[in-house]
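Engineer: This is the structure, below, for whatever I ask next.
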Amino acid sequence: MSEQEKPKRSERVLAVKGMNDVLPQDAWRWEWLEERVRHLMHRYAFENIRTPIVEPTALFIRGLGEVTDIVEKEMYSFEDRLNGEALTLRPENTAGVVRAVVEHSLTYSGGKRMYYMGPMFRHERPQRGRYRQFHQIGAEAFGFAGPELDAELILMAHALWKELGLVGIELQLNSLGQPQERLQHRSALIAHFESHMDVLDDEAKKRLYKNPLRLLDSKNPAMQSVMESAPRLIDYLSAASLAHFERVQDILSSNGVDFTVNPRLVRGMDYYNLTVFEFVTNRLGAQGTICAGGRYDYLTEQVGGKPTPAVGWALGMERVLELMKEDGVPTPRLGPDVFAIVTDAAYFGEAVRCIETLRKKGLKALLNASADGDPASMKSQLKKADASGARFALILGQEEFASGEITVKALRDGEGAQTRHALADAAQWAVTLLEKEPEHV
């Protein structure tokens, strides 16, 4: 084939900015975190729900609020080419879970506790722990109006930090009261900001009459003194709202959970009422919130359902993993238990039969398959076995094959120790390998 006839190499196609591959050398940490979360959710009797990553755009406009950063600036929205339907990649999953609850009448027979894991999408500037495709774990409870569920959700997140070995995470609480109480506060806020129009930036002026509560989210340093002197929502709460908030605090205190009441905590979505909370850290730069949530008793009505009290939270997986790395949290290496080394292609049949038996007994086994049909040198294969993170190397060479045995070489604890076992008895000696504890890194 001439040089002219050879196909030209195509230009490389790269991932979308802010949407990252999770490679095998990192994915095992994600799997470990997900497994810990599943165990925690099951202990709290939460069931798994999986919703589509594409939802009707109207769901988020109704649920999150039209005058929010997410809806105005960050959503990936598009028109379906076949039917013209307005669709959006989910920027969060509470609204999607609520849609599923309403569509499938999930609370028909009583309250429901559910959790989810998966990717979300927001078009914002990528930075440490925050990307355009990011992953959340969330917990949502429907049909329970009492403050004990607010506290239980917070206790569950607090228990996760303990289980993961994370420290220095601060819990902040506030109450947004009920809609009628926020209306009174809204009028007071507008009057306050109208008297300081010369200080407000263009974004604040745009939001002033649509959603003045969002102004309290502003990070503009020039507006901070005006924010600090603004009327506090807590001063407009009814006796019932205050009692709900105090009960949440009492339950947390009685369970040894420290917290700070932050009257400026408003959250970024419009659907919240009563309790809102954030778990924050100062060890991840500007993106200090790692888990946040609250009560949203009116969201089901906004998406066409019957009135249903609800409360929930979501955490950012990337941020939690970053914090685990910062704190040096040890996690079990999820490499193979055994790495099978074969010195002659003629022995592959016996080796495969042996490791299939080990796999049936619950061991994770990797066979060092050859690239060209001929096994590499013993030294090369042992290097691969060590690099794989395997705890044991299984060696099937000429001597072992002749005697119907296999050599088990320890690569971690008791490194270098070797034992011989009969190939035919793999189901029996597999148990001794299962009893060994995996290495933590």
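Engineer: Pick the calculated Rg/Rh (Cα atoms, Kirkwood Rh) for this structure from [x] 1.04; [y] 1.09; [z] 0.96?
Structural biologist: Label [y] holds the value from this structure.
Engineer: Quick check: pseudo-label points 7 Å beyond the Cα along Cα→Cβ at GLU85 and ALA424, how many nm apart are they?
Structural biologist: 6.3
Engineer: Name the long-range amide H neighbours of TYR76: under 5 Å, sequence gap of 5 or more, or other chain; modelled H, no Pro or chain starts.
Structural biologist: Distant-sequence amide H within range of TYR76: LEU89, HIS123.
Engineer: Still on this structure, please answer the following. I'd like the distance between the alpha-carbon centres of the range 191-234 and the range 384-418, rounded to an integer number of Å.
Structural biologist: Using only Cα atoms, the two centres lie 68 Å from each other.
Engineer: Quick one: check the C-alpha center-to-center distance for the range 146-160 versus the range 270-295, whole angstrom.
Structural biologist: 14
Engineer: Would you mind calculating the gained length between GLN127 and ASN48 on full extension (0.36 nm times residue separation, minus the Cα-Cα distance), in nm to one decimal?
Structural biologist: Details: separation 79, 0.36 × 79 = 28.44 nm, distance 2.98 nm.
Full extension of this stretch gives 25.5 nm more.
Engineer: Here's a follow-up. Provide the per-residue ³J(HN,Hα) series for the range 104-121, in order, calculated from phi with Karplus coefficients 6.51, -1.76, 1.60 and θ = phi - 60°, each as a whole number of Hz, with x at glycine and proline positions.
Structural biologist: Each residue of the range 104-121 in turn: 10, 6, 5, 9, 4, 9, x, x, 9, 10, 9, 9, 8, 9, x, x, 10, 9 Hz.
Engineer: Kindly express, to the nearest 10 degrees and within the range 0 to 90, the angle between helix 179-194's C-alpha long axis and the longest C-alpha principal axis of the chain.
Structural biologist: Approximately 70 degrees, to the nearest 10.
Engineer: If I stretch the segment between VAL352 and TYR76 completely, what's the gain in nm (0.36 nm per residue apart, minus their alpha carbon distance), one decimal? The partial results should precede the final answer.
Structural biologist: Numbers: separation 276, 0.36 × 276 = 99.36 nm, distance 4.79 nm.
Here the answer is 94.6 nm.
Engineer: Please list, in order along the range 28-42, the HN-Hα scalar couplings obtained from phi with the Karplus expression 6.51 cos²θ - 1.76 cosθ + 1.60 (θ = phi - 60°), rounded to whole Hz, x for Gly and Pro.
Structural biologist: 5, 5, 4, 4, 4, 4, 4, 5, 4, 5, 4, 4, 5, 4, 5
Engineer: Contact order normalised by length for the chain, with contacts defined as Cα pairs under 8 Å and 6 or more residues apart; what percent is it? List each step's numbers first, then the result.
Structural biologist: Values: 719 pairs, mean separation 64.8, N = 441.
Over the chain, the number comes to 15 percent.
Engineer: While we're here: If you place +1 on the Cβ of every Lys and Arg, -1 on the Cβ of every Asp and Glu, and leave all else neutral, what size is the dipole of the chain about its Cα centre, to the nearest 20 Debye?
Structural biologist: On the way: 54 positive and 62 negative charges, 59 e Å.
The dipole magnitude comes to about 280 debye.
Engineer: Let me ask you something else. If one takes the longest principal axis of the Cα atoms in the chain, at what angle in degrees, from 0 to 90 and to the nearest 10, does the Cα axis of helix 94-103 lie?
Structural biologist: On a 0 to 90 degree scale, this one is about 90.
Engineer: Taking the Cα atoms only, what angle lies between the long axis of helix 378-387 and the longest principal axis of the chain, rounded to 10 degrees?
Structural biologist: Here the helix axis deviates by roughly 20 degrees.
Read-outs: derived from the displayed coordinates by stated rules, not from any lab. Since the model is a prediction, treat every value here as computed from it, not as a measurement. Positions of Cβ are backbone-derived with ideal geometry, glycine not excepted, and every protein chain shown enters the neighbour counts.
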